[in-house]
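Structure first, commentary second.
The values are calculated or read from the model by the stated rules, or taken from the named source; none is laboratory data. What you see is a predicted model, and the numbers here were worked out from it, not measured in a lab. Neighbour counts are summed over all protein chains in view; Cβ atoms, including those assigned to glycine, are modelled from backbone coordinates with ideal geometry. Note: accessible area is taken over every heavy atom of the protein model, side chains too, but ligands, DNA and RNA are not part of it. Shrake-Rupley method; radii C 1.70, N 1.55, O 1.52, S 1.80 Å.
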Amino acid sequence: MPRTKTTLPRKPGSTPAGGDGGDNMAIVVGASTPRAMGGVGGSLALVSGGTPGGSRSGGGSSGAHGTVPVEELLSHHLDSLRRKRGALAWAFFPDGNSHLIEGEVGHNAGSRYVVCAACHPGGLPLTAATSLCGGKQTGVFRYHWRTGQRSITDHVNKKHEELLGQLATAKAEYVAVHGEDTLPSSGAGGGEDGGGEGSGAGGGTPGGGGGMATPGAQKRMRAAGGVSVIPSLPGLPGHPAPTPGAVAAYNLMSSGFGGGAGGAAAAAVVAAAIAASGSAIAADGSGVAKRPRPHRPEQPFIIDLRSDTVTKPTDAMRRAMAEAAVGDDVFGDDPTVQLLEAEMCAVFNKEAAVFVPSGTMGNLISVGVHCEVRGSEFICGSLSHIHIYEQGGAASLMGAHPRPVPNKNDGTIDLDDIRGVIRADDQHFPTTRLLCVEQTHNKCGGRVLPLEYLDKCGQLCKENGIKLHLDGARIWNAAAALGVSPARCVAAADTVSVCLSKGLGAPVGSVILGDAEFIRRARRLRKACGGTMRQAGVLAAAALMALKEIHPVIHLDHLRMTELATGLGKIDGLKVGRPVQSNICFLNFAKEIDVPGVLAELRKRNIVVIPWQPNQVRLVTHHEINQAAVQAVLKAFSDIVGGVYTPPPPVVVVAAPDKEAAAAPPTNAPTNVAVAADKDAIAA
C-alpha cells in the first residue's frame, strides 16, 4: 500500500489532544509499523505537530504506572475492531501483552492474563502477570470471554480517564478525515456475543468479548439517522460545546464509552475535539457518510381503550431512543440503563434497582428471590394479577406455592385473613415467606389501596417475619390519586415491581427495586429467566423520557376517566360497575344488549375496548386519550347503544278494587303494571 499523508487543518492556536501545539495533525496511513505500534501491518500512525513518536500520556493519566503513545493505543483499537471487540478499553489490553493460562480445561479453557499497556508499557512476563493478577490497581486481569470485560472497562474508565479521552479524540480525528467506512469491520476473531477463539493472524485469540458497539452496531446507528449520544456535561473544563455537525459526526463513529465519569468525559472530549477541529462537517452531519432515516408511515388514529399498555412512543421518546448512549447491559456497562435504575432508586427511595423486560417477569423474579427455597409459600389476593394473569409462573418456574386470600371490593385483603393463613412452623406445611399486594388493583376496577392499609400490611409482615412485595403495575396512578410521592406509596414494601409501559406509556419494561442484596440476587435470576438484554439503553431512554414527559400529567388520565364514566353511566342500558378512582372503569351492559355487536360497531368508528365478562367491558385511559377522544367515545356509545336498546317503561302501581282482585290480577295487564291491595301498599 503506498504511503499517503492527510493533514487535518486546525483552528489557529488550538492544540491537538496530547500534542505540542503544532498547527496540523498528520495522519499517516499505510506506513510500516514498528513493534511500538503493536505489530499490525498496514495500520496508521498518528503524529501530533510533527513530533516523532506522537503524543504520550505523560503523567496526565490518573494513576498510570507508565506511559503509552496514543497512536499505539489507536493501532491496538483498530486491531481489536478486526477481532470484533469494539470497546475502546480493549486498546489498553493488546493481545501481544496477554498470556494464555496453561492447564485450564472445560469452561475455563482459553483463559488468559491480559495486561494493561498504560500501566505496563513494555508488557509483563508470565510469572509477573501471574503474581499481579487479582488486584484492581495492578492492571492485570484474568480474562475469559464467558466472564465478560467489566473489570477491564472499569479499570480504564477509572484509572486512565484522560488517556481514554485522548484515544477517543484520536479516533474522532481519524474518522472525521477518512470516514467510518475505513475502520476495520471484519477479520478473524471470535463470533457474536464474544464467544469462540479467533484463528486469524497472530494466532488464536479470545473471542469478541462483548464490545460496547461493534462495527455492526455502528452501522445500525447510522441507519437510525445519526443522532446525539453525547452526555450533557456542563462545566467540563477545557472542552467547548460541540457543534451540531460534531454531534452528528460523533454519533456515526461512536464505539460506546461505557458508564461512569471516565466514559462520559471521553464522549465529551470527542465531541469537543471535532468542534474545535474546524472540520468541514455540516450541521446535519453530512461531512460523514450516513444512511437516511427509514420512513415510518402514518398510522390511522385509533381511540384505544383496551389498556394503558397500547400507547405508542411519543416523538420525544423516539428521539431519546435514537439518541441513547448504549453499552452491553449484560456486562453492566450500558450507561442509559444505569441512569434509569439510579433514577428509579431516587424516585422510590430504594437502595438498588434492576431493569427487566416486563412486569410479569418483575413479579416472577421477586417471588423467586423471596421464596428461594422451593416449596415456600406466598400470600396473595384471589383477584390479584400475580395469581390470575401470570400463568402460574411463580409455581411452575420458581417452585413457590401461592396461598390466595379473598380480595374485598376495594382491592384490599382483610388483615385478619392474612394473619390467619400465615403458616405455623410445622413439618406438614410450607413455610410462609411473602405477602404480595397490588397497587392499583386491576380486577377491582383500578381501586387505590389506602396508605394506612399498606403501612399496616408492612407492620404485619415485620411482626411475622415475612416480606412484603408490592406489584406496582400502576403505582404511578396510585401516587397521583393519593396526592403523594411514589416513594411514599412503596415505603412499607420491602420490594416493588414498577411497570414503565402502563401509566407512563414507555414502550417496554419494568424495574424491580429493593435492597442491594435482593437486587444482586434478582440480577442472577433475571439471567436465568432470559431477561437480560444487551443494548437495552434504547428502551431505558424511552422510559426516562416518559418519566419526564408523562408522569407530571398522569392525573389527567384520571380526570378523563371520571368524565367518561360519568357520561357512560347516564346512557340507558349502561352502568358503571365499580367506583372510579384512577384510570380504569368496568362498564356493565343490560342483559338485552348484544355486547359483541356493540363492540363491532365501535370498531367501525375506530374505538376499541376489551370485553371482560359476558356483559362487561373494561376501559382504560392513558396519555393518548384527550378531551376530544372522551367526547367521541361518549357520542359513539350513546348512538350505538341507543340504537339497539330500548329501556323498559317505568313500573306503574295501581290499587285493586278489592282484596280478591289484588290476589288475582288480570293476566292481560301490561308488564310494567303492578297491582297493590290498597293505597297504603302503593305508598310502601
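At-a-glance table
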| read-out | value |
| --- | --- |
| Farthest toward positive dipole pole in segment 405-557 [+1 Lys/Arg, -1 Asp/Glu at C-beta], among LEU460, ILE413, ALA478 | ALA478 |
| Largest-first ordering by accessible area, 1.4 Å probe, given options SER497, SER638 | SER638, SER497 |
| Accessible area, probe 1.4 Å, largest first, for residues LEU602, LEU547, LEU339 | LEU339, LEU547, LEU602 |
| Local electrostatic count at ARG403 - Lys and Arg +1, Asp and Glu -1, tallied over other residues with Cβ under 11 Å | 0 |
| Amide H contacts under 5 Å for ASP328, placed H, 5+ residues apart | ASP333, ASP334 |
| Built amide H within the under 5 Å cut-off of THR432, gap 5+ | GLU377, ARG423 |
| For segment 460-611: relative contact order, % (alpha-carbon pairs under 8 angstrom, 6 or more apart) | 17 percent |
| Solvent exposure, largest accessible area first (probe 1.4 Å, DNA, RNA and ligands not counted), of TRP90, TRP612 | TRP612, TRP90 |
| Long pairs among LYS443/LYS604; LYS159/LYS467; LYS467/LYS575, criterion Cα-Cα beyond 32 Å | LYS159/LYS467; LYS467/LYS575 |
| Net dipole in debye of segment 512-602 [+1 Lys, Arg Cβ; -1 Asp, Glu Cβ; about Cα centre; nearest 20] | 800 debye |
| Ranked by how many other beta carbons lie within 10 Å on average, peptides 381-388, 160-167 from highest | 160-167, 381-388 |
| PHE141 - accessible surface, heavy atoms, 1.4 Å probe, Å² rounded to 10 | 20 Å² |
| Mean accessible surface per residue for segment 309-386, computed with a 1.4 Å probe while every protein chain stays in place, in Å² | 33 Å² |
| Evaluated over segment 462-507, the Cα radius of gyration and Dmax, each in Å | 11.8, 39 |
| Net charge of neighbours whose Cβ lies under 12 Å from the Cβ of ASP515, counting Lys and Arg as +1 and Asp and Glu as -1 | +1 |
| 16 Å tail of the calculated P(r), segment 302-380, as % of Cα pairs | 71 percent |
